[in-house]
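Q: This structure is in structure tokens; I'll ask about it shortly.
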2 protein chains.
Amino acid sequence: MVNGDTADRARSYRKAPERRAQILASAIAVFVERGVGASLRAIGEAIGVSHAALRYYFAHRDELLIEVYRAHEATVREATAHEPSAPEEVSAVAMMERSAERNASIPGLVELYATLTTDALQAEQHPETREFVHARFRRVRADLAERVRAGQASGAVAADIDPDDAAALVAAASDGLQLQWLLDPEAVDVRRSLALLERLLPGPTP
Amino acid sequence: MVNGDTADRARSYRKAPERRAQILASAIAVFVERGVGASLRAIGEAIGVSHAALRYYFAHRDELLIEVYRAHEATVREATAHEPSAPEEVSAVAMMERSAERNASIPGLVELYATLTTDALQAEQHPETREFVHARFRRVRADLAERVRAGQASGAVAADIDPDDAAALVAAASDGLQLQWLLDPEAVDVRRSLALLERLLPGPTP
């Protein structure tokens with residue numbers, strides 16, 4: 001028994017990265033399909049992995065949630081690598097429309113995103129989530145600001161609009177609209193509301 | 001002992017509404033001051049009320065959170081009753097600017113709001129929160145849409161803007177910007193970003 005345990009343990013260590021990746025993939029699949037509660041226990045039950053095993057591969061709940069979201073982002077990057085994305089080609093608003101459209105079919109991941117941003121507000125309890133969400137927002141705003149600048153360079157966007165203010169506005173509108181839509185799909189149309197922002201921040205004319 | 005218990009219990013029943021209101025007031029004070037985790041246990045510890053007592057006055061965590069937020073909204077309504085608020089006087093964007101300014105000094109309540117909206121996404125686990133947040137968004141959007149319509153009637157806002165689309169956009173932008181600001185106050189300026197929306201949805205000229 002003891003020998004068996006030790007051998008299992010050694011195998012488990014060797015296998016760790018692979019098994020961890022499997023668990024992550026199962027977790028993503030569950031989030032994509034329907035979303036789950038955000039507790040390690042709920043996730044473990046949904047993917048058929050014991051709580052102890054989850055704790056073995058992920059230090060805590062926040063680490064698992066962040067990794068799931070990160071892996072999802074990487075998948076999106078890969079899947080959209082062929083789409084035009086240069087700031088001169090795709091406006092800030094068009095970029096968010098694209099992402100909102102993708103998210104409409106994966107409410108579980110939008111829920112996960114909402115959980116991460118809410119957790120991030122409590123920096124003391126969720127230091128890693130705070131850092132992750134903080135850095136993510138900076139990255140998103142920097143990308144959107146560049147698109148606004150490109151719009152200004154092309155003459156489409158008014159020169160007196162501050163690109164950073166506009167970037168925060170577009171990111172906020174996109175997040176907030178997706179949330180309202182999930183809660184009330186008949187009353188809210190993300191695309192139509194975002195399109196209003198295009199009057200302010202028009203994209204390049206094709 | 002048994003008699004004493006019974007007498008205590010009877011007194012407690014008689015006192016219930018008063019004690020419940022006291023607990024609610026303490027909870028609001030704690031949220032205003034610094035915010036707490038959203039578990040009944042964390043709230044109980046913060047306000048010095050036993051978990052059992054909390055469970056006695058509030059059926060579950062969601063009920064307490066909703067009641068705290070509802071009581072906060074009532075306080076705001078009272079405190080702002082003297083301010084001009086007619087749709088003809090205050091634009092949709094100005095209304096949200098006002099509310100964002102108030103919220104800047106009570107991050108704990110913005111956290112609570114974020115928790116409620118995130119919980120609302122999981123209707124099965126949080127049916128009452130879902131209903132509360134759903135109804136609140138409908139109310140907020142209806143109010144903002146009326147302001148956009150007043151702007152259109154006065155000729156300030158373009159006639160071809162759909163008031164409901166604009167209302168969802170303004171509410172979303174305001175929520176999202178406050179969240180980004182809490183996470184990164186140096187990088188995000190809620191007022192400046194919201195002011196960009198005023199170009200699209202200008203208020204009545206004074």
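The values are calculated or read from the model by the stated rules, or taken from the named source; none is laboratory data. Model, not experiment: these values are computed from the prediction. We place every Cβ from the backbone using ideal geometry, glycine too, and count neighbours over all the protein chains shown. All accessible areas refer to the heavy atoms of the entire protein, side chains included, with ligands and DNA or RNA removed. Shrake-Rupley method; radii C 1.70, N 1.55, O 1.52, S 1.80 Å.
Q: What angle, in degrees between 0 and 90 and rounded to the nearest 10, separates the Cα long axis of helix A:2-33 from the longest principal axis of the Cα atoms of chain A?
A: 30 degrees
Q: Can you give the calculated 222 nm mean residue ellipticity of the protein assembly as shown, where each DSSP H run of n ≥ 4 adds -39,500 (n - 2.57) and the sum is split over every residue, rounded to the nearest 500 deg cm²/dmol?
A: Taking each H run of at least 4 residues, the total per residue is -24500 deg cm²/dmol.
Q: Here is a further query. Hey, in the GNM for chain B with a 10 angstrom Cα cutoff, which one of B:T75, B:T115, B:T129 fluctuates hardest?
A: Maximum among the listed residues: B:T75.
Q: Counting Lys and Arg as +1 and Asp and Glu as -1, each charge on the Cβ, what is the dipole of the stretch B:83-206 about the Cα centre in debye, to the nearest 20?
A: 160 debye
Q: Sticking with this one: Counting only heavy atoms of protein chains, what accessible area per residue, in Å², does the protein assembly as shown have with a probe of 1.4 Å?
A: About 49 Å² of surface per residue is accessible.
Q: In the stretch A:81-127, what residues drop by 50 Å² or more of accessible area when the other protein chains are put back, versus the chain on its own? Use 1.4 Å, and skip ligands and nucleic acids.
A: A:E111, A:T118, A:L121, A:Q122
Q: Now for a different question. What does the charge add up to near B:H126, with Lys and Arg as +1, Asp and Glu as -1, over the other residues with Cβ less than 10 Å from its Cβ?
A: Result for the neighbourhood of B:H126: -3.
Q: By the scheme Lys and Arg +1, Asp and Glu -1, what is the net charge of all other residues having a beta-carbon under 11 Å from that of B:V93?
A: +2
Q: Next question, about the same structure. List the relative contact order of the stretch B:83-206 as a percent without decimals, with contacts defined as Cα pairs under 8 Å and 6+ residues apart.
A: Relative contact order here is 37 percent.
Q: Turning to a different aspect of this structure: Does anyone have the angle between helix B:190-200 and the longest principal axis of chain B? Alpha-carbon axes, 0 to 90°, nearest 10?
A: Helix B:190-200 sits at roughly 40 degrees to that axis.
Q: Looking at the protein assembly as shown, I'd like the Rg to Rh ratio, where Rg is from alpha-carbon atoms and Rh is Kirkwood's inverse mean 1/r.
A: Result: Rg/Rh = 1.02.
Q: Given contacts defined as C-alpha pairs under 8 Å and at least six residues apart, what's the relative contact order of the stretch B:141-183, whole-number percent?
A: Across the stretch B:141-183, relative contact order equals 44 percent.
Q: Still on this structure, please answer the following. Buried accessible area for the A:B pair, summed, 1.4 Å probe, in Å² rounded to 100?
A: 3800 Å²
Q: Compare the Cα positions of A:A71, B:S105, B:S39 along the charge dipole of the protein assembly as shown (+1 at Cβ of Lys, Arg; -1 at Cβ of Asp, Glu; about the Cα centre) and return the one farthest towards the positive end.
A: B:S39
Q: Can you list the copy-to-copy distances for A:V76, using a point 7 angstrom from Cα toward Cβ, in nanometres, shortest first?
A: Copy-to-copy label distances at A:V76, shortest first: 2.8 nm.
Q: Still on this model: One-quarter of the Cα convex hull surface for the stretch B:83-206, in nm²?
A: Averaged projected area of the stretch B:83-206's Cα convex hull equals 8.2 nm².
Q: What range in chain B is the longest one free of GluC sites (Glu not before Pro) that are in a loop by DSSP and have at most 10 other Cβ atoms within 10 angstrom?
A: With a cap of 10 other Cβ atoms within 10 Å, the longest stretch comes to B:1-123.
Q: Of all accessible surface on the stretch B:83-206 at a 1.4 Å probe, what whole percent is carbon and sulfur?
A: 51 percent
Q: Which of the listed residues, B:A153, B:V49, A:G203, is farthest toward the dipole's positive end in the protein assembly as shown, when Lys, Arg count +1 and Asp, Glu count -1 at the beta-carbon?
A: Ranked along the dipole, the leading option is B:V49.
Q: A further question on this structure: Roughly how big is the protein assembly as shown's charge dipole about its Cα centre, with Cβ charges of +1 (Lys, Arg) and -1 (Asp, Glu), in debye to the nearest 20?
A: Rounded to the nearest 20 debye, it is 1280 debye.
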